[in-house]
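Reading through the structure tokens given below for one structure.
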Amino acid sequence: MRVLVVEDYQPLRENITECLLEQNFVVDTTATGDEGLWLATNQLYDVILLDIMLPNLDGLTLLKRLRASGSNVPAILISARDSVEQRIEGLETGADDYLVKPFALEEMLARVKAQIRRRYQKKSPLLNLDDLTIDTQKQLVARSGEEIPLTRKEYKILEYLAYRKGEVVTRPDIWEHVYDDQEGGLSNTLDVYIGYLRRKLNTGNRPNLIKTIRGRGYTLDPEIE
Amino acid sequence: MKRPSIRKRLILWTGLLTGFAMVTGILILYWGIKKSLLNQFDEIMNEAASLVMIEVEVKNGKVFHEWKEAIKNDDTRRESLLIQAWDKNTGETFKSPALGTGSLERRSGALNERIFYNLTLPNGERGRAMATEILPTLEGDGNKGFDVTKHPQIFIWADSTEPLLRELENVRKNLILGAVAFLGLIWIAIWAVVSKSLLPISELSREIASRTDDHLGAPLPIPGRLPVEIVGAAENFNILLKRIEGQRERDREFSLHVSHELRTPLSGIQTTLEQCLSKDRSGQDYKERVRKALTITEGLRRMVGRLMRFSRLSRSTEVIAPEKLNIRKLIDRQCFLLEEQIEDAKLKIAWVVDQTEFWGIADRELLAILFANLIGNAISYSPPHTSIHLKLEEDEQKTSFSISNKATDLCKGDLSRLFEPFFRQAGERGARGDHSGIGLSLCSEIIRVLGGTIKANLDQKNTITFTVTLFKRLPEGNSPGSARSG
């Protein structure tokens, strides 16, 4: 899952980023409003964490312009403004949630995850698919109750496919949500990881859950043979 | 304190003045009527008396009062006419029967001159009389050689004025009753008009009183029927409200900024410590994170200090200690303290003057903050490998200090906002060093307290110059060691 953090205060930005990275999120950061708007309109994000008082372009204006451009990416405002009127103003501008500074990183994480669940219409942090269970809270994967150890990258890919269960997810789409820009990688890197995942998930002759849709991408769907 | 009431004043004074005007008018009218009736009475009396007076005749060399005989034979006249005459030479008197045993007071004017006067008649009634001195008329041929001028007669005609005066009393009574009724009506009308005229003021007052806290600054609706005399006051009140609202907005903005500036580093500390404890780390990693938290805490401490100073200066509670200072020396000292930053930024400090002594009277600590902020600002915003030019000038009244540097990311439009609290040039917080955003506001407040001026100017070559002028005499009220009064 890719998160954009727009915060001008360096220590806070770094801590949020570090926390999100530790939770296997892909994170882009910027300190200015104009750059934040550029990133938000040119990249697919699952959540945007947005400070209000920013240099060059304030967070509320950024959000207004983003919504005006048709984007419905979930946005969580992080601000020192704590009055009810200010929260209402933020939410009415198009924010999906409002976090008042100072806040606990755990709370921020929970809100980010809640926004992602809402975005993919999942009510529980447990994603179930046939006998496959993904605990997005603990980042654990199990099949028929048996835990399957995955690398960070494998987990990220599986979690994203699970959020979009039943949909055909293109390679660029997976790339944008799972990979850092700096990571680079070859065009068949994703196929290699999918191969690893299948091997780990299908042990013991269990049915294959990740299907390749030729020329389009992948889908996580037990119904398709 | 008892406040004057427009309503009471208008009703009282308009009523009194109207009453006074009306009473005066009624009195004039009454006296006019009375005078006219009495004149008419006197005229009738004079005409009647003239007809009788010709009946004082000289017959055969003797004066006869023929009127007496005529009255005696006329029943009506006998009982009503009050006439008395005297022969001025002999003192013999002649009376009409109606006088009975009573008598009229003897008085007269010059010959043929009529005098009219009030008197009490023998029967006790109020009356009026006409007195005159006449000469008898010669009647027949037997009066040859009779000199009438030697036989003047005093003639007095009196008549009762009781019916006339009673009529006048009725007129007076009616006039008083009418005046009281009219005055009452006038007073009610004035009360109604005044009350109606003042009603919009009451409505305006109710509108002001009913304002809730969240609508305090909204302009008052000025009703179309508000009297023109009050409209000016209401409009001025609205202008005042607008100014107050502007100030409140600035205060709100300031509070928001303060909240942001304090809560954001707090978030920094909290999240740094949370991340520190989020998993097991090496001792070095722990140390670095705790150091990072301490750095943020130090920044927060400085910010709180600056805000407290700014607050004291703006609220006029800062204690100042003016003394005679060598301003050049003070600036050099600040440059020395910032030497490392100047070197790191690859900048040069260049004095435009060689003179080493410029004296002024100011508070040493405040002036040090002022110069540190201005020089620190110039260091942070100057591009590398440029110079910061310092200049001092003085005359008998003032000392001026200018600091110029190349400005990046600054446009002319920003100049007016430079001294606003938390106004920052475009750029990342902290990217320009440890700038709280209130440095120039602090400078502006310090200069205000010291009674000087501070100006910013941006020239065509994008060189920004801040000029501080300090007067050699402190403004009144800034006595050494005392809290500055507002």
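What follows draws every value from the coordinates through simple rules; no lab data is involved. All values derive from a computational prediction rather than experimental measurement. As a convention, Cβ positions derive from the backbone with ideal geometry for all residues, glycine included, and neighbour counts pool all protein chains shown.
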**Report entry** Calculated diffusion of the stretch B:238-390, Stokes-Einstein form, Kirkwood radius summed over Cα pairs, 4 °C and 1.567 mPa s, µm²/s
**Finding:** 67
Query - Phi to ³J(HN,Hα) by Karplus 6.51 cos²θ - 1.76 cosθ + 1.60 over the stretch B:282-299, Hz, x for Gly, Pro - result: 6, x, 5, 4, 4, 4, 4, 5, 5, 4, 4, 5, 5, 4, 5, 4, 5, x
Query raised in the report: For the stretch B:7-64, what is the largest minus smallest coordinate of the Cα atoms on each principal axis, given in angstrom and ordered from greatest to least?
Result: 85, 13, 7
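As an exercise, find the ratio Rg/Rh for the stretch B:9-131 from alpha-carbon atoms, using the Kirkwood inverse-distance average for Rh. Walk me through the numbers on the way to the answer.
Numbers: Rg = 21.5 Å, Rh = 17.6 Å.
Rounded to two decimals, Rg over Rh is 1.22.
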Query raised in the report: Computed on alpha carbon atoms, what radius of gyration and Dmax characterise the stretch B:246-332, expressed in Å?
Result: 19.3, 59
Query raised in the report: Using just the C-alpha positions of the protein assembly as shown as equal point scatterers, what log10 of I(q)/I(0) does the Debye formula give at each q in 0.05, 0.08 1/Å?
Result: -0.54, -0.89
Query raised in the report: How big is the gap, in Å, between the Cα center of the stretch B:123-165 and the Cα center of the stretch A:89-136?
Result: 132
Query raised in the report: What is the magnitude of the charge dipole of the stretch B:55-211 about its Cα centre, with +1 placed on the Cβ of each Lys and Arg, -1 on the Cβ of each Asp and Glu, and no other charges, expressed in debye to the nearest 20?
Result: 680
Query raised in the report: What longest range of chain B stays clear of loop-exposed GluC sites (Glu not before Pro) (DSSP non-H/G/I/E/B, at most 11 other C-beta within 10 angstrom)?
Result: B:114-356
Query raised in the report: In the stretch B:147-244, if every C-alpha pair distance is counted and binned at 5 Å from zero, what percent goes to each bin?
Result: 2, 9, 11, 11, 7, 6, 5, 5, 5, 5, 5, 4, 4, 4, 3, 3, 2, 2, 2, 2, 1, 0, 0
**Report entry** Mean shadow area of the stretch B:84-215, taken as a quarter of the surface of its Cα convex hull (nm²)
**Finding:** 15.7
Report task. Largest first and in whole Å, give the semi-axes of chain B's equivalent ellipsoid, each being the square root of 5 times a Cα gyration tensor eigenvalue. Result -> 115, 29, 17
Query raised in the report: Taking Rh as the Kirkwood radius, which is the inverse of the mean 1/r over Cα pairs, what is the Rg/Rh value for chain A?
Result: 1.00
Query - Compactness of the stretch B:182-292 - radius of gyration and Dmax, Cα, Å - result: 29.9, 105
Report summary line: The helix B:162-209 Cα axis meets the longest alpha-carbon principal axis of chain B at an angle in degrees, between 0 and 90 and rounded to 10, of 10
Query raised in the report: In square nanometres, what is one fourth of the surface area of the convex hull spanned by the alpha carbons of the stretch B:111-159?
Result: 4.4
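Relative contact order for the stretch B:135-265 using alpha-carbon pairs under 8 Å, separation at least 6, rounded to a whole percent? Numbers along the way, then the final one.
Values: 39 pairs, mean separation 19.6, N = 131.
Answer for the stretch B:135-265 is 15 percent.
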Report summary line: the stretch A:146-170 and the stretch A:41-76 have their Cα centres apart by a whole-number Å value of 27
Query - Length-normalised contact order for the stretch A:36-99 - Cα pairs under 8 Å, 6+ apart - percent - result: 35
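How big is the charge dipole of the protein assembly as shown about its Cα centre, in debye rounded to the nearest 20, if each Lys and Arg gets +1 on its Cβ and each Asp and Glu gets -1 on its Cβ? Don't jump to the answer; show the numbers that get you there.
Numbers: 98 positive and 98 negative charges, 167 e Å.
I would put it at about 800 debye.
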Report task. Using only Cα atoms, tell me the angle between helix B:364-381 and the longest principal axis of chain B; keep it within 0 to 90° and round to the nearest 10. Result -> 60
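Largest first and in whole Å, give the semi-axes of the stretch A:75-185's equivalent ellipsoid, each being the square root of 5 times a Cα gyration tensor eigenvalue. Before the final figure, lay out each step's value.
Numbers: eigenvalues 187, 56, 40 Å².
For the stretch A:75-185, the semi-axes come out at 31, 17, 14 Å.
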Report task. Go through B:A85, B:W31, B:T14 and say which Cα lies farthest out towards the positive end of the charge dipole of the stretch B:1-126; charges sit on Cβ, +1 for Lys and Arg, -1 for Asp and Glu. Result -> B:T14
Query raised in the report: If you take the charge dipole of the stretch A:1-141 about its Cα centre, with +1 on Lys and Arg Cβ and -1 on Asp and Glu Cβ, which of A:L77, A:F25, A:L91 is farthest toward its positive end?
Result: A:L91
Report task. Quick one: divide the alpha-carbon radius of gyration of the stretch B:234-293 by 2.2 N^0.38 Å and tell me what you get. Result -> 2.11
